[in-house]
Each structure stands twice: as C-alpha cells, then as structure tokens.
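Let me begin by presenting the structure, written as structure tokens, before commenting on it.
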Amino acid sequence: MTKQADQLLLIEQIEAVLPQTQCRQCGFDGCHPYAQAIVQGETINRCTPGGTQIINRLAKLLNKPMVPLHKDHQPKAAPHTVVIREEDCIGCTKCIQACPMDAIIGSAKQMHTVIASDCTGCDLCIPPCPVNCIEINPLPTGKAEALLTSERSQQNRYLFDRRKQRLMRQKQIRSKTRQQYSEQHSHAKVQAAPAKLNRKGNTFALKALKAQKRKFERQYATESSPEKKQQCLQILARLDKQIGQAEST
C-alpha cells in the first residue's frame, strides 16, 4: 500500500474509535477532521465526550502512551442529552440547522422537539437558540456509558451521514430551481424583445439581442446535455430571426 493509502486507512480506524458526536469540543470541525489531525501528529487527548475511555482506545490503536484528558478539553457538564421547553419555543428552526444528527424535529413557527434516542449531547443547538429554551438533561450512569459504545458510534455516524446527504439533496434542488428560473427568465426576455423593436431605441434592443445570442452560443458550446443543446439551438434560431427583423427596420 502507498503512504497515502496507509494514512487513509489509519484515519478510518481512528474515526471508528471516536464517538462520532460531531461536537467540535476537540477544536476541530467534527470527528473526521480530528482523526485527520491525529494522523498528522495532533494529540489523542482532546475528545471531551470520550474522555479517558476514548484516549485509552486511541493509545492502544496507535501504540502511544496513555495520557490524561487535556486541561482545555475537560467536560463542562456530565453526560447528557438536551430537551426543549416547548412552551417557550418560537419555532425559529435555528436549533434544527445546528444539530449534526437531525435529532430535532419541527417546522417553522411551530414547536420543536428533541428525539432523545438520537441526541448526543453535543450542545451545538444551545448557542443559536434566541430564547434560551434548550436545557441539559443529565443521563443516568448506565445510559451515559452507552454513549461511548461502538454501536452508538455507528448510529451517530449513520445519522450524521444521512443529514449530510439530506443537505446535499436540498442544495441540488435549490441549484436546479435557480437554473430553471434563469432559463425561464432568459426565454421571457427573448419573447419580449419584439415589443422593444417597435419603440424608440432599436439600437439598444439590437445590442441586447446580440448579447443574448453570444450568451446562448457559449452555453451551447459548453453544454453536455443533448436536450439542453437542442433548447439552445431553438433559442438561437429565434434570436437570429429577431436580430434580422431589428436590422431591417
């Protein structure tokens, strides 16, 4: 295996050890970036929710000496989940946007609720809340220990990956919607051009038509979709006709 392949494998192994809470208390933007940093030489004692248990697992995996949890990454509270005081919730959705596990459900201007079984106690939802209606809910010892099992880590990873996929789908939908709007707007401008030709300022309208033509010629040259290429050709044909009409008046 190459050095790069060895590093990628080691990152996967380290990430499998980490609790996958994505809490960022280690100072990195999630468990994967922290795993990458460890491979690059970062210390193994920065995982606040994992504490001594995770440090011990990392030390064994990497054949490093056991060290105490870093003084700057001591937990500020006992293991917990969070709950929302529903009577105070204003439905702003800011906590939903912050939760890396999609463990909060609710819609805009409606009451939100935490799915306790999915909550990791990362506390990322607390700072954005404008009405301070999110409270810590301490866990009994047995349930607190369950947060650090490999099964819970796998569940957290699944929830986190599912959320990333959801956000990616939403981004693709927004991008497609913007593109459709842009195309419809361009079509509308082409259809409206003849009205401009009947008014004063024919020269300006002619320049606008030619600019539109250049735009669609560039789009046709770079477009890979046969369907969209055909649409470009149809628009270019209409533009040529309109340009001809403008030049003859």
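Here are a few things to note about the model shown:
- Absence of a disulfide-compatible partner, taken as no other cysteine beta carbon within less than 4.7 angstrom, is noted in the chain for 26, 31, 47, 89, 92, 99, 119, 129, 133, 232.
- Long-range amide H partners of residue 80 with built H, under 5 Å: 139
- Dipole axis of the chain (+1 Lys, Arg; -1 Asp, Glu on Cβ), positive-most option in 184, 100, 59: 184
- Between 0 and 90 degrees, the angle of helix 3-17 with respect to the longest Cα principal axis of the chain falls at about 60 degrees.
- The chain: most fluctuating residue of 235, 126, 115 per GNM, C-alpha cutoff 10 Å: 235
- Per-residue 3J(HN,Hα) values for segment 58-75, derived from phi via the Karplus relation 6.51 cos²θ - 1.76 cosθ + 1.60 with θ = phi - 60°, read 5, 4, 5, 4, 9, 6, 10, x, 5, 10, x, 4, 4, 4, 7, 10, 5, x Hz in sequence order (x marks Gly and Pro).
- Take residue 6: with every protein chain present and a 1.4 Å probe, its accessible area is about 70 Å².
- Accessible surface of the chain [probe 1.4 Å, protein heavy atoms]: carbon and sulfur percent: 54 percent
- Residue order for 81, 43, 203 - accessible surface, 1.4 angstrom probe, largest first: 203, 43, 81
- Top of 120, 52, 222 by mean-square fluctuation, Gaussian network on the chain, Cα under 10 Å: 222
- Relative to the longest principal axis of the Cα atoms of the chain, the long axis of helix 150-197 lies at roughly 10 degrees.
- Choice from 47, 92, 119 with maximal GNM fluctuation in the chain (Cα, 10 Å cutoff): 92
- Taking amide H as placed 1.01 Å from N in the peptide plane, the amide H of residue 112 sits under 5 Å from that of 91, each at least 5 places away or on another chain.
- For residue 104, residues with placed amide H under 5 Å, excluding near neighbours: 115
- With the whole protein complex present, residue 70 retains an accessible surface near 50 Å², based on a 1.4 Å probe.
- Using alpha-carbon coordinates, inclination of helix 202-222 to the longest axis of the chain, degrees: 50 degrees
- Residue-wise HN-Hα coupling along segment 242-248, computed from phi with Karplus coefficients 6.51, -1.76, 1.60 (Hz; x: Gly, Pro): 5, 4, x, 5, 5, 6, 8
- Solvent exposure of the chain as accessible area per residue, Å², 1.4 Å probe: 62 Å²
- Counted by Cβ distance under 14 Å from residue 121, the other residues give a net charge of 0, where Lys and Arg count +1 and Asp and Glu count -1.
- Nearest-0.05 FRET efficiency for residue 173 and residue 61, computed from C-beta distance (R0 51 Å): 0.80
- Per-residue ellipticity at 222 nm from helix content only, as computed over the chain with -39500 (n - 2.57) for each DSSP H run of at least four residues, stands at -19000 deg cm²/dmol.
The values are calculated or read from the model by the stated rules, or taken from the named source; none is laboratory data. Please read these numbers as outputs of a predicted model, since none were measured by experiment. Every residue, glycine as well, gets a Cβ built from its backbone with ideal geometry; the counts of neighbours run over all protein chains shown. Protein only, heavy atoms only, side chains kept; ligands, DNA and RNA dropped before computing areas. Shrake-Rupley method; radii C 1.70, N 1.55, O 1.52, S 1.80 Å.
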